[in-house]
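Report on one structure; see the data block that follows.
The values are calculated or read from the model by the stated rules, or taken from the named source; none is laboratory data. Since this is a predicted model, take the numbers as computed values, not measurements. Using ideal geometry, Cβ is built from the backbone for each residue, glycine included, and neighbour counts are taken over all protein chains shown. Each accessible area value is taken on the protein alone, full model and side chains, heavy atoms only, with ligands, DNA and RNA left out. Shrake-Rupley method; radii C 1.70, N 1.55, O 1.52, S 1.80 Å.
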Amino acid sequence: METKNYTLSDVELTYRPMIINGEDAPASNGETFTRLSPAHEVEVTSFPKGTQEDVDRAVVAARHALDKGWRQSTGSQRSKLLMKVAELIRRDAEALSLAETLETGKPITQSRNEVAGTAELWEYAASLARNTQGDAHNALGPDTLALVVHEPIGVIGMITPWNFPLLIISQKLPFALAAGNTAVIKPSESTSATTVMLGQLIREAGFPGGVVNIVTGNRVVGAAIAEHPGIDMISFTGSTGVGKGIAAAAGRDLKKVELELGGKNPQIITAKADFTAAVDAGVFGGYFNVGQCCNSGSRLIVHRSIADEFASAVVERAQHMRVGDPLKADTLVGSLVNDAQLAVVERYVAEGREAGAHLLTGGGRLENGMDGGRFYQPTVFTDVTAQMSIATDEIFGPVLSVLPYDTLEEAISIANSTSFGLSAGIWSNDINEALTAARDLRAGTVWVNRWMDGYPEVPFGGYGQSGIGRELGRQALAEFSELKTIQLQVGPRETRWVDAPDAARA
Ligand code: NAD
């Protein structure tokens, strides 16, 4: 792929309309809102500020598209369309990467990797579209044959967060489409551009109008989707607090709900770990995307015998990371997404100090010559106990907590002590330590001697307050499908529930 070096002179304010029933659409009341680049303080995109009425129109379009063709489409047709979208994502990779970087503040090289990963998701879902087969039961008795078939659930409402906008909608949408559903999507108001651009590619690929509808806007749009009686299922990724509210709203109509929520993910580093690799994973887990990942490894649970040395090595590397302008190709860590997120980080750092944790490095804004950017110093706390808020709450910023332990049992118990259960990891070259932890850690994903990679083929989701359901993998098809049992009579039906009146008496 041909890549470019960008400067702010390449950036111009772009208006991106919503997509309803295959058409570009303004908001019903004509209102718009604008997004700034959080790293540069420059206006980059404007969008319609969607309303309840816009959601109503999108739901009607999605229902119509479902019933008038998409539900009946073949796996082959769906698969070809999904593959075409993957091809178009690759064609427009640079434009998508730039838009993602400008709205999120993440480095352009990282955005490029995410766009490439997104194309893979659409390709993988294309392979599933031809594998929607169910089961047949042929040993239920001589007069019985039973079939179990998958059907689309219907219109799926999808609500997504700002941290990995294109990747996260693509963990949902192509899988839902492969299963024959239609969608009404609300991206985060902070980072809607790449979702709208994806909608344009979906239209170009030849999807019928109304199969995918995108309504931009704030929580008003999200709430309208969660509560809408015409929507059959909600697939939400975001914070645990908002997820609970959405589940409650969806519960009023007993809509199916799939939730990908927060995490406070532990990495256990044993005395038998590959020390250098584990340090690197500690830094990566803490500071990738400025710590704004559901999968951030924000708790480092380290064997007491190496805890000090480990923390020092993390600090040393953290201080060498290139934090700065996300448009520069050699930047490793960019800007926090907005002022609200910056305020959350500052509050937790203050709480950590007050609780008596030792601030080993960081703990303040980073002055790097970029006025207005939301840059924060990579931060490490030691002497952290499992009860402190910096160890229990998802901070979503570049803040690592080091918690020492003495026995593996204790390490696993600390790891399992939060209300979350998204992901967890162990670093050990001792097979028994690794297997014990892999079994006993309560998390949807456990990494052994690696951290934070994922594949379209393997399911992803959380235990406890990290969510309900799974995305990705062939399991995602089941998540977006209804199961129907069809029972068939073979031969004449001889059994009777009640005898017919005696022919002689009649
Ligand atoms: P958020 O919960 O604030 O917002 C997510 C989406 O919900 C946005 O589109 C927002 O506009 C919408 N929303 C907000 N309030 C709403 C309401 N009352 N009703 C309906 N919709 C509403 O999350 P965020 O700040 O955008 O993203 C960060 C969070 O997302 C973190 O907690 C992170 O852990 C989580 N996350 C989870 C995963 C995962 O796969 N488990 C992945 C990425 C992010």
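Key figures
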| quantity | calculated |
| --- | --- |
| Residue within the stretch 61-82 that is within 22 Å of the chain's Cα centre (by Cα) and either part of a helix (DSSP H, G or I) or surrounded by fewer than 16 Cβ atoms within 10 Å (Cβ to Cβ) (or both) present | yes |
| Those residues of the stretch 316-334 which are under 25 Å from the mean Cα position of the chain (by Cα) and not in a loop (DSSP other than H, G, I, E, B), in sequence order | 323, 333 |
| Pick from the stretch 404-420, criterion crowded, with 24+ Cβ neighbours inside 10 Å and touching a Lys or Arg at 6+ places or on another chain (Cβ under 9 Å), ranking: nearest to residue 318 (Cα to Cα) | 415 |
| Within the stretch 150-260, helices (runs of 4 or more DSSP H) holding 3 or more residues that are away from the ligand (no atom under 12 Å from the Cβ) and touching a residue at least 60 places away in the same chain (Cβ under 8 Å) | 173-178, 193-205 |
| Looking only at the stretch 304-350, and only at residues there that are under 30 Å from residue 409 (Cα atoms) and of a type in the set (Val, Ile, Thr), the one that is surrounded by the fewest Cβ atoms within 10 Å (Cβ to Cβ) | 306 |
| Search result, residues across the stretch 1-30 that are touching a strand residue (DSSP E or B) at 6+ places or on another chain (Cβ under 6 Å) and of a type outside the set (A, V, I, L, M) | 14, 15, 16, 17, 26 |
| Residue count for the stretch 261-278, restricted to those that are open to solvent by less than 10 Å² (accessible area, probe 1.4 Å) and either within 16 Å of the ligand (Cβ to nearest atom) or within 23 Å of residue 375 (Cα to Cα) (or both) | 5 |
| Residue 102 vs. criteria assigned to a helix (DSSP H, G or I), modelled with pLDDT of 95 or more and under 27 Å from residue 4 (Cβ atoms) | yes |
| Residue that is surrounded by the fewest Cβ atoms within 10 Å (Cβ to Cβ) [pool: residues in the stretch 421-448 that are without any contact (Cβ under 8 Å) to a residue 12 or more places away in the chain and touching a strand residue (DSSP E or B) at 6+ places or on another chain (Cβ under 9 Å)] | 439 |
| Test: residue in the stretch 371-378 that is of a type outside the set (Gly, Ala, Ser), at pLDDT below 95 and in a helix (DSSP H, G or I) | no |
| Enumeration of residues in the stretch 449-470 that are surrounded by 15 or more Cβ atoms within 10 Å (Cβ to Cβ) and over 22 Å from residue 266 (Cβ atoms) | 456, 469 |
| Residue in the stretch 116-149 that is nearest to residue 68 (Cα to Cα), counting only those that are β-branched (Val, Ile, Thr) and either open to solvent by less than 40 Å² (accessible area, probe 1.4 Å) or without any contact (Cβ under 8 Å) to a residue 12 or more places away in the chain (or both) | 148 |
| Filter result (open to solvent by 60 Å² or more (accessible area, probe 1.4 Å) and under 30 Å from residue 242 (Cβ atoms)) within the stretch 471-492 | 474, 475, 482, 483 |
| Any chance residue 502 is surrounded by fewer than 15 Cβ atoms within 10 Å (Cβ to Cβ), at pLDDT below 95 and under 17 Å from residue 168 (Cα atoms) | no |
| Flag if residue 473 is within 15 Å of the ligand (Cβ to nearest atom), modelled with pLDDT of 95 or more and either in the same structural domain as residue 71 (by TED's automatic domain parsing) or not in a helix (DSSP H, G or I) (or both) | yes |
